[in-house]
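**Q** Here's a structure for you.
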Amino acid sequence: MEIQKSGMFAIVGRPNVGKSTLLNALAGEKIAIVSDKPQTTRNRIMAVVNHDGGQYVFVDTPGFHKPRNRLGDFMMELVEETVNDTDAVLLVVEPKAAGTPEEILIENIKASGLPCILIINKIDTLPKEELLAVIAEYQEKMDFHTVIPVSGKKKDGLDVLMQELTALLQDGGALFPEDMTSDQPERVIAAEIIREKMLWRLDREIPHGAAVVIEGFDDEEGDVLTIHATIYVEKNSHKAIVIGKQGAMLKEIGSLARTDLEKRFGTKVFLQLWVKVKEGWRDNLYQMRNFGYEN
């Protein structure tokens, strides 16, 4: 079916409210990495969904937080830029009272003049009467286009959300090729999958000070994709933890990543990982750009 309408929707919210899980559920495939640690998403991630003559472009953003370094500044600038570049905003919150991040985001959305859908995620975690009280509190803060309770994890309420988004589509053709599902290059996808496994297996401090750079990405050997990746950390002590006793932790991260990489790229993967120290890279603009964090 020819695309007749399209729209770009920014997904915003504080860390750990389930923005990336929602993006993946809407896309019908894993586009963004997920973990239970805050600030998992560092960059802007786009998913393209074509449905019933409409093209829905969802843009996941880093969790809104108070920056503590230049990487944090970069992430918060991305949130603001993304909101200004889209047609509507999806504010994702947990089913509880609004905090400072929500208050700031709501003021920023008001200033943008864009329509906003409030998405209350994780509705399976509390009774209905408590949910109604949360909805009432938020409706006092802003005139939302609509409020939709969902469970991104269980994919509940997504059909209602898609119906509401249809009303916000703009006339015109597709914004992106119809066979495109994401704007993420294969090298970036590979690096993010490796970083996700670090988030899963390591304590909070270490993966947040880590960056993954794909040094080699070669599929010329036919049925095997060869990936060489370097994990950069900020301290020698962190390097030792990532490697683990006799290389056990690095081997486990590699094994978990290889499984997902083979699933994602549909071929056998030979993955080789190195760990290097780059002190203070999160406050070094030159290193941040080298690691792929630039507007």
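**Q** Surrounded by fewer than 18 Cβ atoms within 10 Å (Cβ to Cβ), over 21 Å from residue 191 (Cβ atoms) and of a type outside the set (D, E, K, R): does that describe residue 84?
**A** On the way: surrounded by fewer than 18 Cβ atoms within 10 Å (Cβ to Cβ): yes; over 21 Å from residue 191 (Cβ atoms): yes; of a type outside the set (D, E, K, R): yes.
Criteria met by residue 84.
**Q** Anything in the range 244-270 that is within 14 Å of residue 195 (Cα to Cα) and either touching a His at 6+ places or on another chain (Cβ under 6 Å) or in contact (Cβ under 8 Å) with a residue 12 or more places away in the chain (or both)? List them, or say none.
**A** Answer for the range 244-270, where residues must be within 14 Å of residue 195 (Cα to Cα) and either touching a His at 6+ places or on another chain (Cβ under 6 Å) or in contact (Cβ under 8 Å) with a residue 12 or more places away in the chain (or both): 249, 250, 252, 253, 254, 256, 257, 258, 260, 261.
**Q** The conditions are (1) more than 22 Å from residue 40 (Cβ to Cβ); (2) assigned to a strand (DSSP E or B), and residue 227 fails exactly one of them. Which is it?
**A** (1)
**Q** For residues that are out of contact with any Asp or Glu (no Cβ under 7 Å at 6 or more places or on another chain) and of a type in the set (Phe, Trp, Tyr), scanning just the range 266-295, find the one that is modelled with the highest pLDDT.
**A** Only one residue tops the list, namely 274.
**Q** Then there is this: For a quick check of your reading: which helices (runs of 4 or more DSSP H) sit entirely within the range 120-223 and have at least 2 residues that are under 20 Å from residue 61 (Cβ atoms) and open to solvent by less than 60 Å² (accessible area, probe 1.4 Å)?
**A** In the range 120-223, 158-166, 186-201, 205-208 are the helices (runs of 4 or more DSSP H) which contain 2 or more residues that are under 20 Å from residue 61 (Cβ atoms) and open to solvent by less than 60 Å² (accessible area, probe 1.4 Å).
**Q** Does the range 229-246 hold any residues that are out of contact with any strand residue (DSSP E or B) (no Cβ under 7 Å at 6 or more places or on another chain) and either aliphatic (A, V, I, L, M) or exposed (fewer than 13 other Cβ atoms within 10 Å of the Cβ) (or both), and which are they?
**A** Scanning the range 229-246 gives 237, 240, 241, 245, 246.
**Q** Within the range 53-72, does at least one residue satisfy the condition of being surrounded by fewer than 20 Cβ atoms within 10 Å (Cβ to Cβ) and of a type in the set (Val, Ile, Thr)?
**A** Looking for residues that are surrounded by fewer than 20 Cβ atoms within 10 Å (Cβ to Cβ) and of a type in the set (Val, Ile, Thr), one finds none in the range 53-72, hence no.
**Q** Tell me the residue from 77, 103 that is part of a helix (DSSP H, G or I), among the acidic types (Asp, Glu), closer than 30 Å to residue 180 by Cβ and open to solvent by 10 Å² or more (accessible area, probe 1.4 Å), please.
**A** On the way: 103 fails: closer than 30 Å to residue 180 by Cβ.
From the options 77, 103, the qualifying one is 77.
**Q** Only one of (1) within 23 Å of the chain's Cα centre (by Cα); (2) part of a loop (DSSP other than H, G, I, E, B) is not met by residue 97, so which one is it?
**A** Exception for residue 97: condition (1).
**Q** Please name all residue pairs, on different chains or six or more residues apart, with Cβ atoms under 9 Å, provided the first residue is in the range 211-232 and is under 20 Å from residue 250 (Cβ atoms) and the second residue is modelled with pLDDT of 95 or more and in a loop (DSSP other than H, G, I, E, B).
**A** From residues that are under 20 Å from residue 250 (Cβ atoms), the pairs are 211/278; 232/278.
**Q** Considering the range 271-295 alone, what residues qualify as being under 16 Å from residue 188 (Cβ atoms), within 23 Å of the chain's Cα centre (by Cα) and either touching a residue at least 24 places away in the same chain (Cβ under 8 Å) or not in a helix (DSSP H, G or I) (or both)?
**A** Within the range 271-295, 288, 290, 291, 292, 293, 294, 295 meet the criteria.
The values are calculated or read from the model by the stated rules, or taken from the named source; none is laboratory data. Computed from a predicted model, the values in this text were never measured in an experiment. Cβ: placed from backbone, ideal geometry, glycine included. Neighbour counts: every protein chain shown. Quick note on the areas: whole protein, heavy atoms, side chains included, nothing else; ligands and nucleic acids left out. Shrake-Rupley method; radii C 1.70, N 1.55, O 1.52, S 1.80 Å.
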